[in-house]
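The values are calculated or read from the model by the stated rules, or taken from the named source; none is laboratory data. In this text the structure is predicted, and so the values were computed from the model without any measurement. When we count neighbours, we look across all protein chains shown, and the Cβ atoms used for this are built from the backbone with ideal geometry, even at glycine.
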Amino acid sequence: MNKPSPIESHPIGAFFTPLHWAKWVIAENQLFERWLDGAMVFDPTAGEGSFLEAFVATAGDRHIPVEDDMVKRLVGVEKEKKFVRNFFLKMKHLYGIDFPRRNFKSEDYVLTKNTMRADIVVGNPPWQNFNDLPPGYKEILKPYYFRYHLIPNTQELLMGGSRIDIAALVIAKCLIENLKENGTAHFFMPLSILLNGSAHRSFRAYRIGETDFAVDRVHDFENNSIFDGVATRYGLVAFQRDKKQAFPIPYFIFESGKWAKHSAQPVFYSDDPLSIEREGAHSFHAFQSFSKIKVPQQSKPRQGVNTCGANSVFIFDSVITLDKVTASASNTVNKNIALPLKYLFPMVAKDNFTEAEPVPQRFVLLPYDVSTGRPIERADLENEPSLYAYLLSQKSILQKRKGTLINTWTSRGTWWALLGVGKYSFAPHKIIWEAYGKKTYSPKVFSGNWQGNQSLHAYIPTDDRTAAIEICRQLRNPVVQLYLSSQRMEGTCNWAQPGRIGKLLNIAGERRAGGVSV
């Protein structure tokens with residue numbers, strides 16, 4: 001029996017739109033009236049067809065007979081065959097409609113050519129990052145990210161671009177290939193495409209090849225749940241093809257049971273993430289007078305150490321000095337491990353940010369050459385008997401770590417490597433802040449080779465304590481807090497990541513590629 005293809009065996013990021021919300025989209029945007037007047041409607045990733053059903057259901061609510069020519073103007077595509085079967089059964093049993101088979105096809109929208117042009121596109125494309133897709137499907141999709149101008153080069157796909165959402169790919173393809181000139185599209189989508197950092201910068205060029213498109217308005221559901229089990233920030237975004245993007249964008253947030261009007265625009269460059277202000281607040285004025293903080297190139301913001309899922313191997317809760325060169329390290333999994341002191345570094349913990357003189361509570365093992373920022377060579381590792389013995393005992397765990405970048409190190413035989421470690425990691429002074437799940441931005445200077453944890457912290461390294469204190473002072477400018485708050489990522493993993501803080505810095509030697517000042 002043939003093994004299922006990666007396309008057939010994985011419903012990628014599927015979250016069905018409840019019928020009442022699909023009907024709301026149609027009513028909110030006066031799409032039903034356009035359909036009655038002859039508009040063609042298309043859903044590129046239809047699931048069980050909630051959006052197409054919503055047009056028929058709305059006709060029933062208004063006691064309007066659904067004629068054959070009306071049904072023929074409803075077209076959908078869905079990859080999963082079982083969803084397609086369910087749609088046909090539903091339309092027959094609930095509405096008595098023998099839906100035309102040619103109008104609802106079972107195929108992968110991204111991979112197939114569809115020549116139809118719709119007046120209206122509605123949809124809820126899959127929500128999943130490229131990096132989280134099944135490996136085989138990743139390879140199949142790569143050329144399409146380039147085709148629709150979402151990734152400028154292969155390296156970016158491996159790095160920040162790996163976080164680009166497949167929803168952006170579906171939307172880009174649909175806008176350019178299946179929407180008529182000046183047509184409109186309405187998508188439920190992850191708002192990270194508009195609000196997060198560099199991964200979606202190409203999408204925010206608001207241009208695909210020679211075709212312009214614009215975001216007309218956004219409805220942000222914020223903490224309100226439409227889709228069960230979804231932690232992603234999402235909303236309904238209205239697009240228009242063949243229209244140049246203008247700012248600000250009307251931006252509605254569902255607050256206390258009603259839609260509160262805000263406005264959204266990028267702060268520095270047109271392809272930057274959107275910042276949001278309540279209508280009439282005039283907070284954008286503060287950004288216009290803000291002077292970016294000057295830092296040398298070696299002080300660009302960094303993420304903390306990334307063990308790639310091997311925290312129990314590298315991070316310890318207790319380190320007791322045994323002699324001038326050796327310590328005993330312990331955590332809940334590994335107890336009393338003798339290790340060379342020179343490879344153990346203090347790792348910041350929550351309480352350290354409020355201490356006048358931070359006291360190490362956690363430590364991280366970094367088998368690295370501090371002068372080069374590279375993993376120590378095998379010969380040097382073998383010359384450290386206690387370190388070598390410990391890492392050998394953890395070899396199987398370390399070799400099983402997943403991810404393109406860590407696998408590159410493993411394939412070279414350097415299975416003791418980590419990510420987020422370089423020469424910058426061993427700068428004697430760092431301005432460190434909590435980059436995950438916070439609502440207030442409070443950077444603090446740490447001296448003495450302190451390390452951050454990748455999922456929790458970010459930092460700016462420097463060799464000069466005086467410079468560190470000055471950079472930290474400038475980062476405490478209230479405009480910095482205002483900027484972070486304007487992107488409404490409080491309490492999330494995207495709160496104050498290096499890319500966000502980098503927007504506020506003038507980094508020596510770096511030129512801004514692409515984008516237009518706003």
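A few remarks follow.
For (1) loosely packed, with under 13 Cβ neighbours inside 10 Å; (2) in contact with an Asp or Glu (Cβ under 6 Å, 6 or more places away or on another chain); (3) at pLDDT below 95, each residue gets a yes or a no:
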position	(1), (2), (3)
F32	no, no, no
V41	no, no, no
F51	no, yes, no
D69	yes, no, no
R73	no, no, no
R117	no, no, no
P134	no, no, yes
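- Selection within the range 275-295 - modelled with pLDDT of 95 or more and farther than 16 Å from V479 by Cα: V295
- Checking I276, I253 one by one, the residue that is in a strand (DSSP E or B) and either outside the structural domain of S192 (by TED's automatic domain parsing) or in contact with an Asp or Glu (Cβ under 6 Å, 6 or more places away or on another chain) (or both) is I253 and no other.
- So F203, is it in contact (Cβ under 8 Å) with a residue 24 or more places away in the chain and touching an Asp or Glu at 6+ places or on another chain (Cβ under 9 Å): yes
One line per residue, one yes/no per condition, for (1) outside the structural domain of Y483 (by TED's automatic domain parsing); (2) free of Cβ contacts under 8 Å to residues at least 12 places away in the same chain:
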position	(1), (2)
D272	yes, no
I293	yes, no
A310	no, no
V313	no, no
N331	no, no
N336	no, yes
A349	no, no
F353	no, no
V359	no, yes
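- Hey, L475 more than 23 Å from the chain's Cα centre (by Cα) and among the aliphatic types (A, V, I, L, M) or not: yes
- A search for C-beta distances below 8 Å between a residue of the range 375-401 that is assigned by TED's automatic domain parsing to the domain that holds N331 and any residue that is part of a helix (DSSP H, G or I) and modelled with pLDDT under 95, counting only pairs 6+ apart in sequence or on different chains, returns R401/N407.
- Only a single criterion out of (1) buried (at least 20 other Cβ atoms within 10 Å of the Cβ); (2) among the hydrophobic types (A, V, I, L, M, F, W, C); (3) modelled with pLDDT of 85 or more is not satisfied by A205, namely (1).
- Any chance S371 is small (G, A, S), assigned by TED's automatic domain parsing to the domain that holds Q451 and outside any loop (DSSP other than H, G, I, E, B): no
- Only residues that are at pLDDT 95 or above, part of a loop (DSSP other than H, G, I, E, B) and of a type outside the set (D, E, K, R) were counted in the range 443-471, giving 3.
Residue by residue, here is whether (1) closer than 30 Å to S198 by Cα; (2) in contact with a helix residue (DSSP H, G or I) (Cβ under 7 Å, 6 or more places away or on another chain) holds:
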site	(1), (2)
L52	no, no
D68	no, no
I120	yes, yes
F146	yes, no
I151	yes, yes
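- Residues of the range 98-106 include none that is at pLDDT 95 or above, hydroxyl-bearing (S, T, Y) and over 26 Å from I166 (Cα atoms).
- Looking only at residues in the range 439-458 that are without any contact (Cβ under 8 Å) to a residue 60 or more places away in the chain and surrounded by 15 or more Cβ atoms within 10 Å (Cβ to Cβ), the one that is nearest to F363 (Cα to Cα) is V445.
- Yes/no for F268 being among the aromatic types (F, W, Y) and not assigned by TED's automatic domain parsing to the domain that holds F221: no
- Number of the exception - V370 against (1) of a type in the set (A, V, I, L, M, F, W, C); (2) within 19 Å of G309 (Cα to Cα); (3) touching a residue at least 12 places away in the same chain (Cβ under 8 Å): (2)
- Of the residues making up the range 285-307, just one is of a type in the set (A, V, I, L, M, F, W, C) and closer than 30 Å to R401 by Cβ, namely V305.
- Residues that are buried (at least 22 other Cβ atoms within 10 Å of the Cβ) and within 29 Å of H285 (Cβ to Cβ) within the range 459-470 comprise just one, I460.
- Taken over the range 300-329, residues that are under 19 Å from the mean Cα position of the chain (by Cα) and among the basic types (K, R) amount to 1.
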